[in-house]
1. In the stretch A:38-61, what count of residues is obtained for those that are crowded, with 16+ Cβ neighbours inside 10 Å, more than 9 Å from every other protein chain (Cβ to nearest Cβ) and over 13 Å from the mean Cα position of the chain (by Cα)?
2. Return the residue satisfying two criteria in turn: it lies in the stretch A:113-146 and is more than 23 Å from A:Ala202 (Cβ to Cβ), away from chain B (no Cβ under 14 Å) and out of contact with any helix residue (DSSP H, G or I) (no Cβ under 7 Å at 6 or more places or on another chain), and of such residues it is surrounded by the fewest Cβ atoms within 10 Å (Cβ to Cβ).
3. In the stretch A:160-189, which residues are outside any helix (DSSP H, G or I) and acidic (Asp, Glu)?
4. Being open to solvent by less than 10 Å² (accessible area, probe 1.4 Å), away from every other protein chain (no Cβ under 12 Å) and either among the small types (Gly, Ala, Ser) or more than 26 Å from A:Gly231 (Cα to Cα) (or both): is that true of A:Ser14 here?
5. Is the stretch A:227-240 home to any residue that is within 14 Å of chain B (Cβ to nearest Cβ) and open to solvent by 80 Å² or more (accessible area, probe 1.4 Å)?
6. In this structure, does B:Asp39 turn out to be in contact with a Lys or Arg (Cβ under 7 Å, 6 or more places away or on another chain) and either of a type in the set (Asp, Glu) or modelled with pLDDT under 95 (or both)?
7. Would you confirm whether or not the stretch A:71-88 contains a residue that is assigned to a loop (DSSP other than H, G, I, E, B) and open to solvent by 70 Å² or more (accessible area, probe 1.4 Å)?
8. Any residue at all in the stretch A:87-104 that is facing another protein chain (nearest Cβ under 9 Å) and among the β-branched types (Val, Ile, Thr)?
Amino acid sequence: MVDRWKIGNVEFGSRLLLGTGKFADLDVQSRAVEVSETEILTFAVRRLDLDNPHAENFLERLDLKRFTLLPNTAGAYTAEEAVRIARLARASGLCDMIKVEVIGDPKTLLPDPIGTLEASKQLVEEGFTVLAYTSDDPILAKRLQEVGVHAVMPGASPIGSGQGIINEHYLRFIIEDATVPVIIDAGIGSPADAARAMELGADGVLLNTAVALAEDPVKMAEAMKWGVIAGRLGYLAGRIPKKRYASASSPTEGMIE
Amino acid sequence: MLLRVNGKELHTNEIHTVQELLAHYQLQQKIVVVEKNGDIVDRTLFASTPLADGDRIEIVHFVGGG
């Protein structure tokens, strides 16, 4: 099936975006990435540990021609911090995409809407391809699109919580009105959650913990791949409306007497 | 002179440029980004960017994250 999509000017086949945090083992992580068939990998930007500067780094294992890197601004609590991290990420020369993540609260890790909007506006002006991690607020999603973000990424539920989609209704509002891709980011716990997000009409799903901390991350990565594909196909196919009562699948005529 | 690199003090008289600083930590082959006193140093200018006493340097890279 030809069902490609674009973020900014870049075209993709896979609709699963995979985070690279929390994996216990780099070999397992490599296999998980492989079987997921993802084309977009997120990273964080941090100080190099000068006491251990040669610790193996997952990025160095990757064939960078095969993947688009999506660095995030995780750790930022203000728009200024997010912009600084984004500029550092781009200065690597590896990417011009940025996942804007401005956190408003350390317990819920919910995004700060004002900081997110400010940072997104600034980074769009600086020519970044901006993917804004946001809450499930349809109005904020609209405002983000007005400042020119290239994708909005509403959370399904708090980062790393595995709670799945807790406000399907508002996600639908965001998807219905969006003029840019909508990627459901954060909180996905199971392949069913990923499929559900895609059935709602999302353009993609970004997840990390659900795979990294699964008992078998490689199997879960494959399951997420199929979850996303199944949900996308289901969305395109158009599901039947729900009815209160039964409707026989077998003919009611021609019964043997 | 005294540099502050990733928050730690480094006393040195042999390091005069960003490139020499990276060589000091054997980072020439690593994908890193360098900030000097809050400004990003262009990768092509590592060799020609001087370091002076009191400079604050950040050496950052990509790590796993979601």
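The values are calculated or read from the model by the stated rules, or taken from the named source; none is laboratory data. The model shown is predicted, which means the values in this text are computed figures rather than measured ones. Because the Cβ atoms are built from the backbone with ideal geometry, glycine has one as well, and the counts that use them run over all protein chains shown. Note: areas computed on protein heavy atoms with side chains; ligands, DNA, RNA excluded. Shrake-Rupley method; radii C 1.70, N 1.55, O 1.52, S 1.80 Å.
1. 0
2. Only one residue tops the list, namely A:Gly127.
3. A:Asp185
4. Details: open to solvent by less than 10 Å² (accessible area, probe 1.4 Å): no; away from every other protein chain (no Cβ under 12 Å): yes; either among the small types (Gly, Ala, Ser) or more than 26 Å from A:Gly231 (Cα to Cα) (or both): yes.
Considered against the rule, which asks whether it is open to solvent by less than 10 Å² (accessible area, probe 1.4 Å), away from every other protein chain (no Cβ under 12 Å) and either among the small types (Gly, Ala, Ser) or more than 26 Å from A:Gly231 (Cα to Cα) (or both), A:Ser14 comes out as no.
5. No - not one qualifying residue is present in the stretch A:227-240.
6. On the way: in contact with a Lys or Arg (Cβ under 7 Å, 6 or more places away or on another chain): no; either of a type in the set (Asp, Glu) or modelled with pLDDT under 95 (or both): yes.
In short, no.
7. Within the stretch A:71-88, the subset assigned to a loop (DSSP other than H, G, I, E, B) is A:73-75, A:77-78.
Adding the requirement that they be open to solvent by 70 Å² or more (accessible area, probe 1.4 Å) leaves A:77.
Checked against the condition, which is being assigned to a loop (DSSP other than H, G, I, E, B) and open to solvent by 70 Å² or more (accessible area, probe 1.4 Å), the stretch A:71-88 yields at least one hit.
8. Scanning the stretch A:87-104 turns up no residue that is facing another protein chain (nearest Cβ under 9 Å) and among the β-branched types (Val, Ile, Thr).
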